[in-house]
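Input: a single structure, listed below in structure tokens.
The values are calculated or read from the model by the stated rules, or taken from the named source; none is laboratory data. Note that the structure is predicted; figures quoted are calculated from it, not measured. Here the Cβ positions follow ideal geometry from the backbone for every residue, glycine too, while neighbour counts run over all protein chains shown. Note: areas computed on protein heavy atoms with side chains; ligands, DNA, RNA excluded. Shrake-Rupley method; radii C 1.70, N 1.55, O 1.52, S 1.80 Å.
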Amino acid sequence: MPKSKKMSKGTALVTGGAVRLGKVFSKSLADAGYNLAIHYNSSSDEALQTAQEIRQAGVECEIFQFDLSRSNSIDELITHVYTRFPDLNVLINSASVYDQAMMMDTSVDIFEKQFRVNLMGPYFLTKAFAQQCKAGAVINIIDNKIAFNQYQYSAYLLSKKSLAEFTKLAALELAPHIRVNGLAPGVVLPASVRTQDYIDWRVKGIPVQRQGTTDNITQALHYLLDNDFVCGQILTVDGGESLTNIGQNAANYE
Ligand SMILES: NC(=O)c1ccc[n+]([C@@H]2O[C@H](COP(=O)([O-])OP(=O)(O)OC[C@H]3O[C@@H](n4cnc5c(N)ncnc54)[C@H](OP(=O)(O)O)[C@@H]3O)[C@@H](O)[C@H]2O)c1
């Protein structure tokens, strides 16, 4: 039985919002009273399921398909969402690709995909959001690996480091009406290819000696959204892993 309708705080667009951390962001924003525009690419069943779960929270929710790796008209996604939700005021750029390859193994296709999804997507979505919505908040989901120079993730890491720099440039350009910030998680939901051995090994390099929880990350998300004096910051939530100057146990797992 859906809860009764909540007083809306506006609408949040979460890219990659149907699965994994993106789904956690979507549900947490719905619980906070935002209507939800869930973007997905290939996870259509999961998007429908997530939307159904979110409507149970008593807010409105629609799903929007878009492949960020192919389109040169990324602003169309914002136009579609804004047409349906004219109170769109939050953009969470969470969709991402993560292809592990050192430079010597990086093809133009791998490079282009990392930069299209992880940088061009957030860049042009932020631009279109600013043009159409005029006010609100943008949060770019980055990665604590930006603290290191792990060449094993060459194009991926360059795309995320660029996203961190873009966060600061956009924050300056769009203030005061739109605040842009970044959130850099550490080990929270490892990819399905990661073994328990890998996770145990990785945790040994984390000062607080544990994996992060999704609550640790959503708390940071809400802090960035709710504190309107925070602008252009990258909030790293990783148990201190990025403080170690060599990125101990965060590189290639042999
Ligand atoms: N999980 C962690 O512990 C962790 C740690 C550090 C940083 N992060 C960051 O947190 C964010 C979420 O991570 P995650 O691990 O939950 O996500 P993930 O498993 O990497 O999922 C990727 C998401 O990106 C979307 N996506 C992939 N290719 C796309 C494309 N071509 N066009 C549009 N969307 C596309 C997917 O949509 P579909 O499934 O619909 O195709 C999916 O929702 C990412 O930015 C990631 O870098 C996560």
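Checking each residue in the range 45-61 for being part of a helix (DSSP H, G or I), among the polar types (S, T, N, Q) and farther than 14 Å from Arg20 by Cα picks out only Gln52. Name the single residue, out of those in the range 65-85 being within 17 Å of the chain's Cα centre (by Cα) and open to solvent by 30 Å² or more (accessible area, probe 1.4 Å), that is nearest to Glu112 (Cα to Cα). In this case the residue turns out to be Ser69. Answer yes if at least one residue in the range 23-37 is open to solvent by 70 Å² or more (accessible area, probe 1.4 Å), away from the ligand (no atom under 15 Å from the Cβ) and hydrophobic (A, V, I, L, M, F, W, C), and no otherwise. No: zero hits.
Taken over the range 111-142, the criterion of being aliphatic (A, V, I, L, M) and touching a strand residue (DSSP E or B) at 6+ places or on another chain (Cβ under 7 Å) is satisfied by Leu125, Ala130, Ala135, Ala137, Val138, Ile139, Ile141, Ile142.
When only residues in the range 112-134 that are part of a helix (DSSP H, G or I) and open to solvent by 90 Å² or more (accessible area, probe 1.4 Å) count, which is farthest from the ligand (Cβ to nearest atom)? The extreme case among them is Gln131.
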